[in-house]
Amino acid sequence: MRYLIFLLVALSVSNRSYADVIDKANVDETKHITDLQNCRPSTYEQTREIAGQKFSLSWEVKGAEDNHCRLQIKNSTEGNLDCLVPLDKLAAVLSEDSDISLIDYCQTTESSSGAKFQDTNGVEYDCDTKLNVQMVSVEECSRCPHRELVEDKKIKFGKKQLTYCVLQQCPSGYKKSSDGLCKVDKVVREEQTPMKQYFIDNKSDKLIVFFAGWGCDEHQFANLKDRNYDVLVLYDYNGLGLDFDFSKYREVEVIGYSAGVFVASIIADRIPNLKHKIALNGNPYLFDEKKGLSSAIVNTFKQITMDNYLDFRREYMVDSDEEFELYNQLQSERSLESCQSELQKLQEFYKRYLGEINPVFDKAIISEHDKIFNFKAQQDFYGDKLYVLPETKHHVFFKFKSFEDILKYN
């Protein structure tokens, strides 16, 4: 295996096979390799005397982070290595026949003595501890280049204000909350069924992620033409799983529309390089009687049939006969059964993930004549972040030429 060959170099024992070293060190090679193949968090340590030289070596599989497997190798004679191997390359790195070496994904780090810190009670933590650590001094936290200190003004221990030493970028399985802390991403852990997605590739290094509304698909937004951004349209919330590679984008903008505002509020914070979140005719508290959808509106949704859906569109979705004609030309191709199933799932998700909502959006755009979300309630909720779209009902997309125009609206 290529990674084994690298170890031989790191240990200055190139005249021996790695398997021989493992055997003499009483390490379970099978479990070791299985853990590596699955990027399963685990640690293996060796202390041996080879060719008259004593050395110690430890391998730690930290786990998966943003489609990569993080490994840390500590060698008493050669220093420490921090390795971030793409998950899709891991099998090749472990293969005996591969030309890819583990060393291609590793960089030397400073001694571990500078990669630890203590809280005010003297408890020692590693910089790569996934959890946020409470009650840490600025000096201790600053020892970790990828952490920062945040304060919680709401909570105090005695007269001391609570502080957290937080990861600047949350690892896989965690997301940054509205107060800046890394917390377990409950949605990612629990939801495997994916949302539907439609990708528009404009060869850009900037991306707009659009969380569509209830009952929508990509056809309803076909009139929007972007040139400066790639666009990812997410819809059909019968599931909340998201499988998309964001790594190529230096900047990501999120727009949540209608029910998509709620979905964005529990999902968008895990997206790397997120710049802004915009709410469009919606509220993160989707089924709150005052802030979101009233029970009367929800009942109206449930009573839509093939006999009355056109009446619903004209009454709630568009502001003119001209828009009504355009709306019917660009209508969703989803079935009524799919939409009603989605509504039920959204209600279930809202109850399950109410505590996961991050209600903070950078801007909100609300239609002046929206009959689905109460206009005054949105004014109260969003305050000075709210911008009004005049003479428009719930479907706003004939007022814009691109998703980028929505970003720029003020």
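Within the chain, the cysteines lacking any other cysteine Cβ closer than 4.7 Å to their own Cβ are C216, C339. Distance from the Cα centre of the range 362-378 to that of the range 123-197, in angstrom? Comparing the Cα centres of the range 362-378 and the range 123-197, I get a distance of 33 Å. Our Cα-only numbers for the range 189-408 put the radius of gyration and Dmax at 16.2, 47 Å.
Can you tell me, using C-alpha contacts under 8 Å and at least 6 residues apart, the relative contact order of the range 229-341 as a whole percent? Intermediate results must be reported in sequence, preceding the final value.
Numbers: 94 pairs, mean separation 20.3, N = 113.
Computed over the range 229-341, the figure is 18 percent.
Contact order, relative form, for the chain: 10 percent (alpha carbon pairs under 8 Å, 6 or more residues apart, mean separation divided by residue count). Rounded, prolate or oblate: which fits the range 113-184 when a ≥ b ≥ c are the square roots of the eigenvalues of the alpha-carbon gyration tensor, with rounded for a/c under 1.5 and prolate only if a/b beats b/c? Verdict is oblate for the range 113-184. The amide H of N358, built 1.01 Å from its N in the peptide plane, has I266 as neighbours under 5 Å, considering only residues 5 or more places off or on other chains.
Sort 189-200, 294-305 by packing, meaning the average of other beta carbons within 10 Å per residue, with the highest value first.
Details: 189-200: 14.7, 294-305: 12.7.
Taking the mean over residues of other Cβ atoms within 10 Å, the ranking is 189-200, 294-305.
Other residues whose C-beta falls under 11 angstrom from the C-beta of F262 contribute a net charge of -1, scoring Lys and Arg +1 and Asp and Glu -1. Computed per residue of the chain from DSSP H runs no shorter than four, each worth -39500 (n - 2.57), the mean residue ellipticity at 222 nm is -6500 deg cm²/dmol. Here the 3J(HN,Hα) profile of the range 210-226, calculated from phi with Karplus coefficients 6.51, -1.76 and 1.60 at θ = phi - 60°, is 10, 8, 6, x, 4, x, 8, 9, 5, 5, 6, 10, 5, 7, 8, 10, 9 Hz, Gly and Pro shown as x. Only lysines eight or more places from K31 in sequence, or on another chain, were considered; those with a Cα closer than 20 Å are K62, K74, K89.
What is the fewest-to-most order of L280, L274, L162 by other Cβ atoms lying within 10 Å of their Cβ?
On the way: L280 26, L274 18, L162 14.
The most exposed by this proxy come first: L162, L274, L280.
Quick one: L346, L207, fewest Cβ neighbours within 10 Å first, how do they rank? Show your work: numbers first, answer last.
Values: L346 21, L207 25.
In order of increasing Cβ crowding within 10 Å: L346, L207.
Rounded to whole numbers, the Karplus 3J(HN,Hα) couplings from phi for the range 237-251 are 8, 6, x, 10, x, 9, 10, 8, 8, 8, 5, 7, 9, 7, 8 Hz, using 6.51 cos²θ - 1.76 cosθ + 1.60 with θ = phi - 60°, and x at Gly and Pro.
Bear in mind these aren't lab numbers, they're just calculated from the coordinates by the rules spelled out. Small disclaimer: the values here were computed from a predicted structure and weren't measured. Positions of Cβ are backbone-derived with ideal geometry, glycine not excepted, and every protein chain shown enters the neighbour counts.
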